């Protein structure tokens, strides 16, 4: 059984501040260690559940997609890292059976979520796929669904897990923190978060046949509302991008990956 693990940083236990998500501080280095160890916990659980091959994609944008700590990496996986990237979802194909999302966050504008945003902290206000509002969980799940890969496990704050469950159904979810506000949360100790992730990852693999891919049927329409007209101005210069109003662009197509490539999301 093959597993594709997608990782982000904002949904890791004890990561609550912007300073922890950007290079140049001790806080960021500490957050990268927490991220790596939660990914390792997911790998341990997946192996216990029966997975035989694992590819991990470091998707947090800081430092060009290079956030995992090399010397701490689990030996029973391979890793996609670095950038600029010709493909955000490198190595992904239909040979994978399951996907995990480790350290994910809720979509922009989610009250009570920790470090909520959609693709960019300050640029995107709302994103919709076929009139359904989505964040990175929905965007990435739709790409996985294109390849017929179901999401089995999502870890993050309570609102991120709630978002994932509303979109994907009865998946395994691990809540590692609960937000009082965007940068203020009640967190589990990292050691407990890792234990819960390992246990949930094992269950997820054992439940593999229960999960269904998140499929988006064509025609595809993706609508993005930005925080400032300048961002829409830039995007509107790209072929096939329609301008809906001063801050909103629309991309349409029959193929989901084609649309996602235009937006830089695949």
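Below are the figures for this structure:
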{"read-out": "Residue-averaged [θ]222 nm for the chain, counting only DSSP H segments that reach four residues, each worth -39500 (n - 2.57)", "value": "-9500 deg cm²/dmol"}
{"read-out": "Angstrom value of the Kirkwood radius, inverse mean 1/r, which spans all Cα pairs in the stretch 19-165", "value": "16.1"}
{"read-out": "Percent of Cα pairs exceeding the 27 Å cut-off, where the set is the chain", "value": "33"}
{"read-out": "Cα-Cα separations in the stretch 93-198 greater than 15 Å, expressed as whole percent", "value": "62"}
{"read-out": "Residue 166 versus residue 121: modelled label distance in nm, points set 7 Å from Cα along the beta carbon direction", "value": "2.5"}
{"read-out": "Radius of gyration and Dmax over the Cα atoms of the stretch 220-263, both given in Å", "value": "9.8, 28"}
{"read-out": "Packing-based exposure ordering (other Cβ within 10 Å, fewest first) of 33, 6", "value": "33, 6"}
{"read-out": "Where labels lie 7 Å past Cα in the beta-carbon direction, separation of residue 258 and residue 93 in nm", "value": "2.2"}
{"read-out": "Label zone at residue 18, where the point sits 7 Å out along the Cα-to-Cβ direction: the stretch 81-124 residues whose backbone N lies under 17 Å", "value": "108-110, 113-124"}
{"read-out": "Paramagnetic label zone (point 7 Å from Cα along Cα-to-C-beta, residue 250; backbone N under 19 Å) in the stretch 119-152", "value": "125-134"}
{"read-out": "Burial order of peptide ranges 35-42, 250-257, 149-156 (average beta-carbon count within 10 Å, highest first)", "value": "149-156, 35-42, 250-257"}
{"read-out": "Sorted by Cβ density within 10 Å, fewest first, the residues 101, 159", "value": "159, 101"}
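Read the figures in this text as sums done on the coordinates, not as results from a lab. The shown structure was predicted, so the numbers you read here are calculated from the model rather than taken from an experiment. Note: ideal-geometry Cβ built from the backbone for every residue, glycine included; neighbour counts use all protein chains shown.
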